[in-house]
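Peer 1: Input: one structure, supplied below.
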Amino acid sequence: MGRKLAFVLGAIALAVAPHPSVAHESRPRVIYATQSGDASIDSIASGGNPFATALIEALDAARPDAVQSIVDMTIEESGGVQIPDFGALPIDTNLRPADGENAVALVIVFSDYGDDAGLPTLPGASFDAARVAAAFTRAGFETQQVIAADRAEFEAALSTFRAAAEVADRSVIYTTGHGTEVDGEIYLIPPEADGADMALERFMPLGVVSDALASVSDGLLIYAGCRDNPFGL
């Protein structure tokens, strides 16, 4: 077996196997589009993030092995560059609501970072927002899609969604934008935080997003952004 193939197969096992330290983690559960320390792809030639493409395929196909299929397809679509991280989520997790379930989804992203010399705009993020939202709707979720201009708009949408999530049987949030991971914590970077004086206190912790699902009995957060730290923070 080649060394590259062995690495990919090992990474797949790590991506879907429960980790002892998080096997009993509290909800909401979290899916990451990439491993800690790695970047997430905004768009490939065929369009969008490979992870988003894999998520859509799994939702549409109603596959019982959705977790494994998302990992496999993301690796294939990204040429082995991007490997999702499902943490403690069981490999047989059903991502679609059952018949009769009240299911709600929020697809919320940062995409437009302006035309300055800072962080580039993410056309893949807005492209994926539309198609991921459509996939959740087809799967039976009542879905809201938001392309947030700034943190205030983002948090306002989270507040509105929280009320719907609290009375739903199943709730999911899909989010992305420029992001970074520093000392094990993930942050989304709002467009207004871009610039020469980039600092963590201007970023939005991913925990702010997961808080919208804190009181939900069956909540799931899907983070499709980067987990590297190119800023040296």
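The values are calculated or read from the model by the stated rules, or taken from the named source; none is laboratory data. From a predicted model like this one, the values you see are computed outputs, not experimental measurements. No Cβ is skipped: glycine too gets one built from the backbone with ideal geometry, and neighbour counts run over all protein chains shown. Ligands, DNA and RNA are excluded from the accessible area calculation, which covers all protein heavy atoms including side chains. Shrake-Rupley method; radii C 1.70, N 1.55, O 1.52, S 1.80 Å.
Peer 1: Restricting to the stretch 173-192, what's the tally of residues that are of a type in the set (Phe, Trp, Tyr) and open to solvent by 30 Å² or more (accessible area, probe 1.4 Å)?
Peer 2: So the first thing to find is which residues in the stretch 173-192 are of a type in the set (Phe, Trp, Tyr), and the list is 174, 187.
Now narrow it down to the ones that are open to solvent by 30 Å² or more (accessible area, probe 1.4 Å): 187.
Number satisfying all stated conditions: 1.
Peer 1: Report whether or not Arg63 is assigned to a loop (DSSP other than H, G, I, E, B), surrounded by 16 or more Cβ atoms within 10 Å (Cβ to Cβ) and at pLDDT below 90. Let's see the steps before the verdict.
Peer 2: On the way: assigned to a loop (DSSP other than H, G, I, E, B): yes; surrounded by 16 or more Cβ atoms within 10 Å (Cβ to Cβ): yes; at pLDDT below 90: yes.
Yes: the conditions hold for Arg63.
Peer 1: Right, another one. Name every residue in the stretch 121-146 that is open to solvent by 50 Å² or more (accessible area, probe 1.4 Å), farther than 22 Å from Ala54 by Cβ and not hydroxyl-bearing (Ser, Thr, Tyr), in order of residue number.
Peer 2: Within the stretch 121-146, Glu142, Gln144 qualify.
Peer 1: A further question follows. With (1) crowded, with 21+ Cβ neighbours inside 10 Å; (2) under 24 Å from Ser215 (Cβ atoms) as the list, and Ser111 as the residue in question, which single condition is left unmet?
Peer 2: Ser111 satisfies all of (1) crowded, with 21+ Cβ neighbours inside 10 Å; (2) under 24 Å from Ser215 (Cβ atoms) except (2).
Peer 1: Does Ala88 qualify as being open to solvent by 10 Å² or more (accessible area, probe 1.4 Å), under 18 Å from Arg29 (Cβ atoms) and small (Gly, Ala, Ser)?
Peer 2: Details: open to solvent by 10 Å² or more (accessible area, probe 1.4 Å): yes; under 18 Å from Arg29 (Cβ atoms): yes; small (Gly, Ala, Ser): yes.
Spelling it out, Ala88 is indeed open to solvent by 10 Å² or more (accessible area, probe 1.4 Å), under 18 Å from Arg29 (Cβ atoms) and small (Gly, Ala, Ser).
A quick yes/no check of all residues on (1) closer than 16 Å to Ala33 by Cα; (2) modelled with pLDDT of 95 or more; (3) surrounded by fewer than 20 Cβ atoms within 10 Å (Cβ to Cβ):
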position	(1), (2), (3)
Leu95	yes, no, no
Val104	no, yes, no
Val107	yes, yes, no
Glu153	no, yes, yes
